[in-house]
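The values are calculated or read from the model by the stated rules, or taken from the named source; none is laboratory data. Please read all numbers here as calculations on a predicted model, not as lab measurements. Positions of Cβ are backbone-derived with ideal geometry, glycine not excepted, and every protein chain shown enters the neighbour counts. What goes into the accessible areas is simple: the full protein's heavy atoms, side chains included, and nothing from ligands, DNA or RNA. Shrake-Rupley method; radii C 1.70, N 1.55, O 1.52, S 1.80 Å.
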Amino acid sequence: MSAVLERLRGSAVRPRRNARLAFFGLYTRYTFQVYVQHIFVVLAGLLIAALTIDVSTQVRELLAASPAATGFDIPLRLAWYALLRCTDIATRLLPIGCFLGVLSAEVAMTVGRERLMISNTGRSPFQCVVPAVLLGIMFGGVQFTLDTFLRPMAMMAQISGRLGDDGRRADRTIDRGQRWFASKDALVRARIEYGPSPVLRDLTVFATGDDGQLRKVLTAASASPEPGTSFWLIKDGRLWVADGTGSRGFAVEVSPQTGEARADLGMDPLWVSHLDISPAYLPQVVLHSLAGSPGGVFDARIYRMMIQVRYADWFLPGSMILLASALSLFFLRHGSSFQRVIMLALIGYVVHVALRAINLLGGYGYVSPGIVAWSIPCVLIAVATTVLTLTYALGTGEGISGLLRKLFGGLPGRSHS
């Protein structure tokens, strides 16, 4: 028996129903340490499994990426890619890793009778989750740092080195030929030189009227953004406008002599230069600029959603940790069993899937950005608080019926016999 358990045993000789709360006391420090150990073990396992799958399917492409790796460069390149991928994978797996890590710690403490001894000290369920709250604050900062800073930096390094599927897909140096995309007012076909200041080559812009009929067609050899404005400078351009009224779309006047023009094509140059890069990998300053762009963004909601998701990162790991701790205190208070542990693990997995699903729905515009970012953490905190309240009611001997009487017994208009 460890010295910590001996001290906890001494505090349990006389059970106290009202234990004094100490934020950094013996129980908090010990439980915090156990939680951290189990979370890191679980996260390490998840990262190893995910990286093994990721790297093993791309070894040939990784080593063949220009310049091709040979000799001692082979392990260095694989290690560098694994480090970059760790940042992205850890960002996705941290919440579920926190849940499973806390669940693993609670099962170990229950099997070792540590949780029983802690309960005998008279601590309420709300006092027992103090380490979970402190750990949630810490991992919230880790999640925010990963998602806001390290993940975009790692992805940009992948793109510049053309490493992995994501790096090759968003490579800025390859001429991919004619691309089709929608601006605010028209449909655009062009070859893109991403820049840093993008240039559109062999440009064709189509605008339709309210009736869906083609109204304007602009062709040009090239178009480049005018610094400090939303306009594009057209070179060697030609404009066709349909006869009749009702023409609308982009505003442009092409000089017949030079073929030059200054046009508002409804395309933000910053959006064009980051085309094909997921908003999850964009730096925060770029997200803010695109989220507030008046035009040139196919759907600005996905950028606003990503900003809210990053702010909610402060609460997501903590809500998962709090839920795991609360559910363990409720379902494992009389002992651990295989069925209960599997059930709790499945609850964490369902939450993980729900988080991915609601992000996907938000990306397609079916759910508002605020709901996507904040619904899951708020629901988890509410569920955890409810479970803790039920656990406290059962621990005091009142039961659920006694708790309900206490909550609703004093409502106005209730008759008393």
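One table, with the values for the structure above:
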quantity	calculated
Helix 316-331 vs. the chain, principal-axis angle (Cα, 0 to 90°, nearest 10)	30 degrees
Selection from Ser328, Gln213, Thr52, by position along the positive dipole direction of the chain (Cβ)	Ser328
Accessible surface of the chain, 1.4 Å probe, proportion on carbon and sulfur as whole %	63 percent
Rounded to the nearest 20 debye, dipole of the chain from Cβ charges on Lys, Arg, Asp, Glu	2020 debye
Candidates Leu203, Leu26, Leu322: whichever shows maximal mean-square fluctuation once the chain is modelled as a Gaussian network with Cα springs under 10 Å	Leu26
Per residue solvent-accessible surface (Å²) - the chain, probe of 1.4 Å	51 Å²
Global form of region 263-340, assessed from the alpha-carbon gyration tensor, a/c cut-off 1.5	prolate
Label-point separation, Val133 to Thr386 (7 Å along Cα→Cβ), nm	2.1 nm
Solvent-accessible area of Val254 with every protein chain in place, 1.4 Å probe, in Å² to the nearest 10	30 Å²
Segment Phe149-Tyr364, length gained on full extension (0.36 nm per residue, minus Cα span)	75.0 nm
Net dipole in debye of region 157-315 [+1 Lys, Arg Cβ; -1 Asp, Glu Cβ; about Cα centre; nearest 20]	240 debye
